[in-house]
Amino acid sequence: MTPLDSYTNFNSISALSRSYIEDIGRWMRLVAITYFVFLVMGALGIVGGLLFSSGFSEELAAEGIPPGALVAGGIVMLIFIVFSFYIAWVMLKTANGFRAYAANGSPAMLEQGFVNNKTYWLIMGIFTIIGFILMVIIGIVAAIYLPDILSGLDLSEFE
């Protein structure tokens, strides 16, 4: 027996609330599947870009871009895609739990949906904190180097 079994059953939640839970599950499923499609396309694009860019290594080196920079960037992006796949998978599990509850009224499925939903928001919260920290670091670096960057610009062509 799950903790929700003692507090709720299919009949103790209004039909409107069950409808909302089902709608939330349906939309979460759509978004998760869309994320999967976009992530697969992104992964294929990154792999293709890495394979395609290897032929331009001499031109990139002439531009001052180290040969390993594209590979390192591609690997970082692939790692990001793996984490994003996990987030989409958790969202899909949440949706499935909510939809199963709406279909058969199992409090265990509703609880499982909420457990997965909590995991989803925990991960998104951590990513938000990491993103904020990176934005602060980028802002500090930009503030430090912006005068040097601007002093090297030739703005005469815009006059």
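What to note about this one:
- Remark: pairs (first residue in segment 1-27, on the phi < 0 side of the Ramachandran plot and among the aromatic types (F, W, Y); second residue at pLDDT 80 or above and assigned to a loop (DSSP other than H, G, I, E, B); Cβ separation under 8 Å; 6+ apart in sequence or on different chains) = F10/G105; F10/S106.
- Flag if Y86 is of a type in the set (S, T, Y) and closer than 22 Å to L30 by Cα: yes
Yes or no, residue by residue, for (1) part of a helix (DSSP H, G or I); (2) modelled with pLDDT under 90; (3) within 26 Å of F127 (Cα to Cα):
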position: M1; (1), (2), (3): no, yes, no
position: F10; (1), (2), (3): no, yes, no
position: M28; (1), (2), (3): yes, no, yes
position: F38; (1), (2), (3): yes, no, yes
position: L44; (1), (2), (3): yes, no, yes
position: F56; (1), (2), (3): yes, yes, no
position: I75; (1), (2), (3): yes, yes, yes
position: F83; (1), (2), (3): yes, no, yes
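- Among residues of segment 98-115 that are among the charged types (D, E, K, R), those with a Cβ under 8 angstrom from a residue that is at pLDDT 90 or above, sequence gap 6+ or separate chain, pair up as R99/E22; R99/G25; R99/R26; R99/R29; E111/G97.
- Screening the candidates T119, T34, T94 for the property of being of a type in the set (S, T, N, Q), assigned to a helix (DSSP H, G or I) and loosely packed, with under 12 Cβ neighbours inside 10 Å yields one hit, T34.
- Set I144, I126: member being exposed (fewer than 10 other Cβ atoms within 10 Å of the Cβ), among the hydrophobic types (A, V, I, L, M, F, W, C) and assigned to a helix (DSSP H, G or I): I144
The values are calculated or read from the model by the stated rules, or taken from the named source; none is laboratory data. Small disclaimer: the values here were computed from a predicted structure and weren't measured. Positions of Cβ are backbone-derived with ideal geometry, glycine not excepted, and every protein chain shown enters the neighbour counts.
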